[in-house]
């Protein structure tokens, strides 16, 4: 691998920004997050997975779709040579525009046979993910420039809350559209894609309003992806941040199999699937709101450790739950799981953003995304194969309290436990004990009661 396959931004990026400019930039970044939440939930993974299931996609295909967002990170090997010397915000804007326009090709599925339609869905979704990956590689350095170490957690939380509320709006609209009888299948899914393209374009226009000029520079010979990876893994604090980030990625991919489980095994309707995702999004908002007031004051170690072990417990529940369980119980389990996943995602995001080096932010982001792509590819394949293995096990042992996705959820449990153990290695200047955290929560409760 060539070392010049990575890129960096100017060492003085953001140095000349005034406080009002940072405030303005943050405002438009948050609006970008809101419109992106709308767009992604219309054209993103849930809608695409349901579209693929409509045409009878296999578990391996579903595993590919679950991991495609991160597998597309492989493109970062070639992107730097194309964009060196360009304005980072220009690349950011056009990558977001293109990721929406490419979704127009989903409309061609109505003219194709099922196998060809699934192939087209996979190709279009991967192109969508490639443009998204380019954009996200630009987003993370922008977040770091616009924030300080003290405010990084608040900005990440605010972006997550904006995206979550817009996600609820998008999913309510999706459920209403797909709840109409003659729109409940393919027509409704294609309408959602059209709405997503419009919202995605609105998100892109917010990027243009951020008052930031940052040039992408060619990386020097000593700072390629492999060199950056080695240097980062040699730094204990940064290595833990990266491992937690990649572990959270694995959790997201495996947890994504709850949608196929609900659709194929529990026989949820498409509108019910979106109702389930609304419940999950509300849980995410609750998690962000719960931790936001003191995330930058008490540290992440304690809550993050507990969150991972709670995910492990939820995973076992998903493993042994019957597909014929009342839908309210499945919604409740989804609520708890989504709460814990959002909590972990927020705190891991905070740790990851704060781990960025000062002078090679984009290079670090590119390296992390590239490794994420390799991990996602492997985890997507493993997730699909575990689901195939679960289906085979159910056929051989029909009376066992298992379902097609039980083994996949066991894998989710194992990853959560490993991540939880890894959290013990987090080093923070301020980390609370369980007793101290309980005292803070008790004090907050009493103050609200006054």
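Worth pointing out:
- Condition check for residue 121: crowded, with 22+ Cβ neighbours inside 10 Å, under 18 Å from residue 260 (Cα atoms) and either in contact with a helix residue (DSSP H, G or I) (Cβ under 8 Å, 6 or more places away or on another chain) or at pLDDT below 90 (or both): yes
- Restricting region 191-216 to residues that are surrounded by fewer than 20 Cβ atoms within 10 Å (Cβ to Cβ) and touching a strand residue (DSSP E or B) at 6+ places or on another chain (Cβ under 8 Å) leaves a set whose member that is farthest from residue 180 (Cα to Cα) is 215.
- All positions within region 394-415 that are free of Cβ contacts under 8 Å to residues at least 24 places away in the same chain and part of a loop (DSSP other than H, G, I, E, B): 397, 398, 399, 400
- The helices (runs of 4 or more DSSP H) found wholly in region 240-359 and carrying at least 2 residues that are touching a residue at least 12 places away in the same chain (Cβ under 8 Å) and within 17 Å of the chain's Cα centre (by Cα) occupy 270-291, 301-320, 327-354.
- Any hit, region 376-393, residues being at pLDDT below 85, out of contact with any strand residue (DSSP E or B) (no Cβ under 8 Å at 6 or more places or on another chain) and either surrounded by fewer than 16 Cβ atoms within 10 Å (Cβ to Cβ) or part of a loop (DSSP other than H, G, I, E, B) (or both): no
- Output for region 296-314, where each listed residue is out of contact with any helix residue (DSSP H, G or I) (no Cβ under 7 Å at 6 or more places or on another chain) and modelled with pLDDT of 90 or more: 313
- Residue in region 127-140 that is on the phi > 0 side of the Ramachandran plot and either modelled with pLDDT of 80 or more or part of a loop (DSSP other than H, G, I, E, B) (or both) present: no
- If you filter region 31-86 down to residues that are assigned to a loop (DSSP other than H, G, I, E, B) and within 18 Å of residue 107 (Cβ to Cβ), you find that the one that is modelled with the lowest pLDDT is 44.
The values are calculated or read from the model by the stated rules, or taken from the named source; none is laboratory data. The structure presented is a predicted model; accordingly, all values stated were derived computationally and were not measured. Reconstructed Cβ throughout: ideal geometry from the backbone, glycine too, with neighbour counts over all protein chains shown.
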